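The values are calculated or read from the model by the stated rules, or taken from the named source; none is laboratory data. Everything quoted here is computed from the prediction, not taken from an experiment. With ideal geometry, Cβ positions are generated from the backbone for all residues, glycine too; neighbour counts draw on all protein chains shown.
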Amino acid sequence: MASSTTARIVRPVAVPVLGLIWLAVTTMPFLFMVMTTFKTQQESYSSSVWALPEALDFVNYRAVLAGPFLTYLKNSVMVVGISVTLIVLISAMAAFAFARMRFRLNDALFGLIVAGMIVPIHITLVPIYLMTRDMGLYDSPFALVGPYVATSLPISIFILTEFMRQIPKELEEAARLDGCGPFAIFFKVFFPLSGPGLSTVAIYNAIMLWNEFIFAYVLTSSTSTRTLPLAIWDYQGQYSSNIPAILAVVTLTSLPLIVAYAFGQEKIVKGMMAGSLKG
Amino acid sequence: MTDISTRSAAGGAGGAALSLRKLAPAVFLAPAVLLLAVYLLYPLVDSFRLSLLDWNGLGENARYVGLDNWKKLATDTLFWKAAWNNILLAVFSVVIQMPIAVVLAVVLDNAGKGSRILKILYFLPLLMSSVALGVLFKYFYDVNFGPLNALLDYVGLGAFAQDWLGDTRFALGAVIAVVCWQYIPFYMVLFMAGLASFPAEISEAAKLDGASETTIFWKMKLPHLKGTFRTAVVLSVIGALRYFDLIYVMTGGGPEGASELMATYMYRNVFSSFQLGYGSTVASAMFIIVILIASVLLRFSKRFETEV
Amino acid sequence: MTSITLSGVNKSFGANFPVIRDVDLVIDDGEFCVFLGPSGCGKSTLLRMVAGLETAYTGEIRIGERAVDKVEPADRQVAMVFQNYALYPHMSVYDNMAFGLRQAKTPKDEIERRVKEAARILQIEPLLDRMPKALSGGQRQRVAIGRAIVRQPKVFLFDEPLSNLDAALRVHMRSEIATLHRNFPAASMIYVTHDQTEAMALADKIVLLHAGKDMLKHGSIAQVGRPLDLYHQPRNLFVAGFLGSPTMNFLEATFVGQEETGARVALKSGEDLTVPVDGSTLASGASVTLGVRPEHLAPVAAAATQTLTRQVRAVEHFGEYSFVYLDGGAAPLIAKVPGDGGLKAGDSASFAAPASCCHLFDGDGIALPRRDSL
């Protein structure tokens, strides 16, 4: 009988075997990465790739941190912090209008903005590059804020509009009876009540922008203005063949998100899946 | 009653508030619309304008050349090769990722206590930036010092060791493998959510009707995932058409254009060859292709939806 | 001055989907008025129009002397209790009640005084620091009422406030709302429900509303009056059928002629009955409908004049009373009899239909004018 086959073989054997195979596939590159960062350049060439490092030596990390790494980090924190704050506020306001207000063009404008999710950002790259240059913002970390916020808005507005549509309309009406105009309704009722939606949007965009490469690559050029993904790029040029040092940079740039992930896996998984689960 | 009556006694307050309410949508939408107009809509239009120019991006020497760039594009085998690679990337993304993702979702669905920790670990690649992964896998694939060839050697398959990224036959496949490695867990979580939404009463009813777990899976749970599957395909295809970072970092589109994508080809034209005009033509063409495929895909998946 | 006057009020969603038709209504100072009707009759819409939450309508609404059609909801001196309570989930009970007063820039000590006072009246003082999600349904309902009380409104509006509560709690909160009405005698109250029991129990005045075709034909208002007026003197078949449980029995009949004591009608099943109404407008042989409530059908030992004899199909016992389902004749009947009624399925039984308890409706379903007064 089929069910007994399932019970005898699939569950007890196939499940752990497949589960562990994928675990190996997932972790192998990470293992290689972390292990290598503890090797010296010499060691990485001479010893076997999968051999354990000779000593738990942080020399590569020290070398990286002695460089401008912290400047990249500071720029990333600043750019992502400002961008995410603006994204949350601006998309929440727009979502409130789309979810809660009746005006001509509501559906049309919403559809247009949501369609923006499909647009490949690469088409904006050259015009934004020229525009940034003309505005005198080229090679400033602030040049990134505009493109970051704008390209994140469609999905954020989509997620928050869905969210705000779920908030009972009676709360809005109760607030009107309590003397709230549209702005008080938004700031005192809808914004605080959208907490879970806002945190999803914040997490999703924070991760996306933390890892963003192409705008940062095109709109900044100096070490002092670039963000972490560029640190990898720049160090790669600088260290050329010192694989352990470069992988130490990769490890260090990935660390903040992995630490954050250790504290809130559920929220981060949910945030990363946002948009796709609804759309 | 003091407060309320004084407020209404303040006169035309009601009328003023009403007109404020009329204006409110505009006020709430203004920041978003403004930013989208400046950083999305205007660049989009401008890109088409630039596509009519011959310009190196510096100074005033831009020359209007009409549709010359577009004519050049039509016969540019490099561009069409890149577009074809995008399509290969899209097709293989779907064909490789979906089945593995479904299998893993089912595995985790049955893994009991271990499923949480496995899911957390599986998800890790999604937190990495494409630059980080690109650099990591460049070394992972390295012909001399890369762990992949070392591993093949170790298990006695040394004959299969390759210059994965340096060989025109393997470069694109090697990159696709990394894309799949990173994104399979994403679709796995998507399918897990799909499986979790399968109503327990239905499988209970089916069991009472004598259906085996295998039957329930093939005849009920899998069809139940159809909607999720559709979403996954749309996301994965649109993602593949816009791919840039990882390939740019790993191969730069090489060797000999073997892993060139529309986006990397555009980038090379603009920022390496300083052909801003032609690069914008490539970008605009890429936009048109993405929009065309996306709308066909969305329409098709919708029709699919109403038929089923 | 807390009266509410609606004059010539009409509303439609879109061009040809009317929801409210020709409403003229006065709710007096301090009156407890219930809007009652089936779903889709627009009772909530009408309430929300008084609140100012629905604005697109024609006609005029006054609260006291003031036309409020262009007045913001917050400035109408009304307070509303919603079906799902609509408590702000991110605010404590205290803040929920204080929110409106803060918006109105009421002095802090005055806010505190009013909130404490409302909490005392509603016996929710220990809950003031809780969040709404930590409250039971009944407690949430009290907070929602508290939020209305602190505003010291001229008009309280209740939109099906009890329908989210379980049956036992509903009866309890019903009596609390009646108490609230006594505690604030100056304020008018409008209460929307589809539950006739609530309406009968609470109302000084019931406004029973038509839905659908009836609304289009006769306007929204089916009948306005004291609860017992509607019960005893329904103006039409809809009102007669809507109030009372089980619903009134309707029997098709033909008008025979007008007599000294009333209109004489012949039932399809053969019986002749007299109803104390004025049928002089009817032609002999006209189709009419006789209505008699189940609780007015009294079992009698033998068939006589003004009685109906039928076969018992089934009996439902409730202890204090029983429902007797009757077959035969042209239409099934239900009788509500005290105790177990001494009847069982298969019996043949006779029931008196006292003339004073019979209603007669003309071919359009309009009640013929009564000649006695009940």
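Using the structure shown, decide if A:GLU266 is facing another protein chain (nearest Cβ under 10 Å), surrounded by fewer than 20 Cβ atoms within 10 Å (Cβ to Cβ) and closer than 28 Å to B:PHE186 by Cα. Answer is yes for this residue.
Applying a threshold of 8 Å to beta carbon distances and a minimum spacing of six or more residues, or different chains, the list of pairs starting in the range C:1-16 at a residue that is within 17 Å of C:ALA211 (Cα to Cα) and not assigned by TED's automatic domain parsing to the domain that holds C:TYR57 and ending at one that is surrounded by 13 or more Cβ atoms within 10 Å (Cβ to Cβ) and not hydroxyl-bearing (Ser, Thr, Tyr) is empty.
Elements of the type helices (runs of 4 or more DSSP H) sitting completely within the range A:3-111 and holding at least 2 residues that are assigned by TED's automatic domain parsing to the domain that holds A:TYR204 and among the charged types (D, E, K, R): these cover A:69-100.
Yes/no matrix, rows are residues, columns are (1) of a type in the set (A, V, I, L, M); (2) surrounded by fewer than 18 Cβ atoms within 10 Å (Cβ to Cβ); (3) part of a helix (DSSP H, G or I):
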| site | (1), (2), (3) |
| --- | --- |
| A:PRO120 | no, no, no |
| A:ASP139 | no, yes, no |
| A:PRO147 | no, no, yes |
| A:PRO154 | no, no, yes |
| A:GLU162 | no, yes, yes |
| A:GLY179 | no, no, no |
| A:VAL218 | yes, no, yes |
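For the range C:101-112, the criterion of being buried (at least 18 other Cβ atoms within 10 Å of the Cβ), out of contact with any Asp or Glu (no Cβ under 6 Å at 6 or more places or on another chain) and more than 24 Å from A:LEU193 (Cβ to Cβ) is satisfied by no residue at all. When you scan the range C:79-127, how many residues do you find that are over 29 Å from the mean Cα position of the chain (by Cα), among the β-branched types (Val, Ile, Thr) and more than 9 Å from C:VAL150 (Cα to Cα)? Here the count works out to 3.
Within the range A:195-205, the only residue that satisfies the criterion of being within 12 Å of chain B (Cβ to nearest Cβ) and either buried (at least 23 other Cβ atoms within 10 Å of the Cβ) or hydroxyl-bearing (Ser, Thr, Tyr) (or both) is A:TYR204. Per the listing B:ARG116, B:ARG169, the residue uniquely within 9 Å of another protein chain (Cβ to nearest Cβ) and not polar (S, T, N, Q) is B:ARG116. For the range B:238-293, the set of residues classified as under 28 Å from B:VAL65 (Cβ atoms) and polar (S, T, N, Q) consists of B:THR264, B:ASN269, B:SER272, B:SER273, B:GLN275, B:SER280, B:THR281, B:SER284, listed by residue number.
Quick grid of which residues meet (1) over 18 Å from A:THR200 (Cα atoms); (2) of a type in the set (Val, Ile, Thr); (3) touching a strand residue (DSSP E or B) at 6+ places or on another chain (Cβ under 6 Å):
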position	(1), (2), (3)
A:PRO53	yes, no, no
A:ASN60	yes, no, no
A:VAL84	no, yes, no
A:ALA92	no, no, no
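Checked across the range A:79-93, the condition of being hydroxyl-bearing (Ser, Thr, Tyr) and in contact with an Asp or Glu (Cβ under 8 Å, 6 or more places away or on another chain) holds for no residue.
Here C:LYS217 clears all of (1) touching a residue at least 12 places away in the same chain (Cβ under 8 Å); (2) within 28 Å of C:GLY285 (Cα to Cα); (3) in the same structural domain as C:THR45 (by TED's automatic domain parsing) except the condition numbered (1). Residue count for the range A:25-61 satisfying the condition of being more than 14 Å from A:VAL250 (Cα to Cα), over 25 Å from the mean Cα position of the chain (by Cα) and not acidic (Asp, Glu): 18. Under the condition of being touching an Asp or Glu at 6+ places or on another chain (Cβ under 6 Å) and within 17 Å of C:SER39 (Cβ to Cβ), the residues counted in the range C:177-222 number 2.
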